[in-house]
Structure formats: C-alpha cells, structure tokens
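Here is the structure we will look at, set down as structure tokens.
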Amino acid sequence: MDSGTFLRVAGLSAGYGATRVLERLDLDIRKGEFVALLGSSGCGKTTLLRAIAGFVQPSAGTIEVAGHDVTRQPPDRRGMALVFQSYALWPHMTVAQNIGYGLKLKGLPRATIAQRVGELEELLGLAGLGSRKPAALSGGQRQRVALGRALAIDPQILLLDEPLSNLDARIRLKVRHDISALQKRLGITAVHVTHDREEAMVMADRIVIMDAGRIAQQGTPEEVYNSPASPFVAAFMGAENVLELSGNVSAGAVAIEAGANNRRAVLPPGGRTLASGIFEARFRAEAAELVAGDAPADAPSDALELWGVIEAASYPGGIWRHSIRIGEAQILVDAHRPFEHGAAVRIRIPAEKLFLFNTRSASERSHAHSLHDGREGRVLEASET
C-alpha cells in the first residue's frame, strides 16, 4: 500500500445474487482527500460505496482503513458515517435529537452530547433550530441535519450517497460548496457518489469515473475534463459531438484528410496513442467557433474546420445553441449570436479542444452508454449494468 493511502480497495468484486456489479476493482484514497465516484445509473458507484460502508459484502477482495482490514467488520466498527440520499431522519425527533442520536447510542453523558450537538448546529448554520422537527425544515436544512448526525460521531471517513439529489437546483448549488468547504475545514476523508458531472467537478479533489463496474478513468477534475482517456469518458464529460474522420499518424502528428465536409488539418495526438485509419473525433458545443460560410478561410492549420448547415437555434441563456447538419451527422455548437435556419456555416475546433480516438469495434460500440452515433446523429441508449 502506498504510504499516502488511507482507504484502500483492492481486487473488490461484489454484486447482488447472480448479478456481478463490481469486478476486481482497485482504488486508493489519501487521508483528507475528497473523491467523487461519478457515473450513470447502474455503473456500480453506489455498490462500491455501500461495500466500503459495510452494507454490501464483497465476494472477493479487501477493504483497508489506515492499514487495517475492515472487509468483514460490521458498519459500526469501520469508523465511517454514511449520509443517505433520503437523509433518513427520525421524523419524531428534533434537530438536536437527530444530530445527537449516534452519541446517545454510544452512551455518552447528556452534557457531552448537548455540547457536541451545539457545536455542530453552529458549524452547519442550524443554530436556533435545535427544537424543530424535520417536517418544519427546508430541504437544505434537513440535508445539514443528516450531515451533522454523520459528523457527530467523529468518523474517519464520510460517505455521501447522492445527498444533494433531492434538493432543488438553486439550493443544491449553495450546499455543494458548503459541504466542500466543511470537508476541507475538518480535514476529513470523503467519498461522494453522484451522477452529476458539474457537482463532481466543483466538490472533488479527484474524480473516479465508473462504467460497468470498472474504473474508466480517474484524476483531478481538470485532468478528466481536458484529457479524457476514452470515447466513453469524453462523452460523459460533455464532449457529445462526434464525427468520423480519416487520417494518418506520422512524426508525432495526426494528418486529417480533407473530406466532403472538412478541410485538411495537421493535429497533435493529444497525449493518446493513435494509429492511422478512421478516427472518432469528439468535442463540446462550447469548444467550437461558429462563423459564416463565406467568412475568410483563415483558420489555423492545427484546427479542424468543418462545413455545415444550420437546422435550428435556441437560447438557453448567455449563448445561442445551434443544431448543425454536417453531411449525415448532426452536432451542437454555441455562439454569441444566432445564425438563421438554412445558413451555411463553418465550424472551427482548436486542436486542444478536439479529442481523437481510434474507432471502436462493434462490440465496444454496443457497450457504450448514451453516446452519439456519428452516422445517424442520434443517441444510443445502452441498458443499465
């Protein structure tokens, strides 16, 4: 085990009945680190969290905390606390009673419990609400009570099972920052399950992207966003525009051949090992520049330039989002002004914002989750794992 590792998951396999969800998964987490398990429904992230907590018994592998094997220990002996998606507050108890419930089970004196509860109420912005019942609280306040109950027992590791999913969008934006700031202030190790990419980006020190019970990629938010290791990760991190391009790799560069809807370009491989042939090119709607079709052809040689026709434009706020037909494919591109329906346009994608991958086999394509099919411009929905 690495000297900096505090929580270690090694060779973990787990499932429900005959259904295997996790397959020999390895994950090391440092003390004080905030790690987000990110993925779509059915990818195994919640099963992993529950296995760490002790509520799912693995069929193989080990879980260690500070060098001690806790794989067979019950949840209350692992030094962890879990905040549930539903909060799971006792409706007949007050805020103070809910927060102090774990301390009461430990048999601590009333005065000690009252002091600890008061400290947490102050820390979490719940001062003055100790006598209220959960029904008299807002969603954000109930979430803070659940967090306070978890923190009251001084856990070594805080586990968060999509605790913000029941909050409305406005409150969720604030609470995610509150939790992140609190985790940093306390220096506690945290593992957070979420399907929300932005939530993981904002809150976590490291993001672990899961797919079909395995880790597809892990790294800092900047690393997984700017350097996706696979088409699946690129799509999950927002690069949903996809096209097929032909090209050759030589001398550390990728020469994209000119086609019916693109001009020739010479691009860097972007840190990926590529072979000559057909490439899957992915990029985000906000990454491209949209210009009129008759604009001067002054795009740099290391940018990909495409030609298309505007099919629709909408205004989600701040920018105009355009649906553009490129041959038989359809992509989305943002611009600061609207372009008319039927207008011929050029789309320019800088090399650093274009993700190239060698095309996958048919079996790999069927395995992907919610990826855009470049030939038909539609979304493929794979069944949940």
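For LYS174, list the aspartates and glutamates whose Cα falls under 16 Å from its own Cα; do not include residues on the same chain fewer than 8 positions away.
GLU162, ASP196, GLU198, GLU199
Order of MET201, MET80 from fewest to most other C-beta atoms within 10 Å? All intermediate terms of the calculation are to be shown ahead of the outcome.
Working: MET201 17, MET80 22.
Listing MET201, MET80 from fewest to most nearby Cβ atoms yields MET201, MET80.
Report the residue, chosen from LEU267, LEU173, LEU108, that carries the largest GNM mean-square fluctuation when the chain is represented by alpha-carbon nodes joined by springs under 10 Å.
Highest fluctuation among the options: LEU108.
If you average the alpha carbon positions of region 254-327 and of region 113-163, how far apart do those two centres end up, in angstrom?
After rounding, the separation between the Cα centres reads 49 Å.
Identify which of THR19, THR62, THR47 has the largest mean-square fluctuation in a Gaussian network model of the chain, with springs joining Cα atoms closer than 10 Å.
For the chain, modelled as a Gaussian network with Cα springs under 10 Å, the answer is THR19.
Run through all the Cα pairs of the chain and give the fraction in each 20 Å bin from 0, expressed as whole percent.
Once binned at 20 Å, the Cα pair distances of the chain give 25, 47, 25, 4.
Where a Cα-Cα gap under 13 Å defines reach, which aspartates and glutamates qualify for LYS106, not counting those fewer than 8 residues away within the same chain?
LYS106 reaches ASP76, ASP154.
Of the residues PHE355, PHE236, PHE84, which exhibits the maximal mean-square fluctuation in a Gaussian network model of the chain defined by a 10 Å Cα contact cut-off?
Its mean-square fluctuation being the largest, the pick is PHE84.
Restricting to DSSP H runs of at least four residues, report the calculated mean residue ellipticity at 222 nm for the chain, -39500 (n - 2.57) per run over all residues, nearest 500 deg cm²/dmol.
Details: 10 runs with 90 residues, N = 385.
The per-residue figure over the chain is -6500 deg cm²/dmol.
Cut-off is 10 Å between beta-carbons; in what order do SER227, SER165 appear when sorted fewest neighbours first?
The most exposed by this proxy come first: SER165, SER227.
Every read-out reported here was derived from the displayed coordinates using simple, explicitly stated rules and does not represent laboratory data. Predicted model only: the values in this text are computed from it and were never measured. No Cβ is skipped: glycine too gets one built from the backbone with ideal geometry, and neighbour counts run over all protein chains shown.
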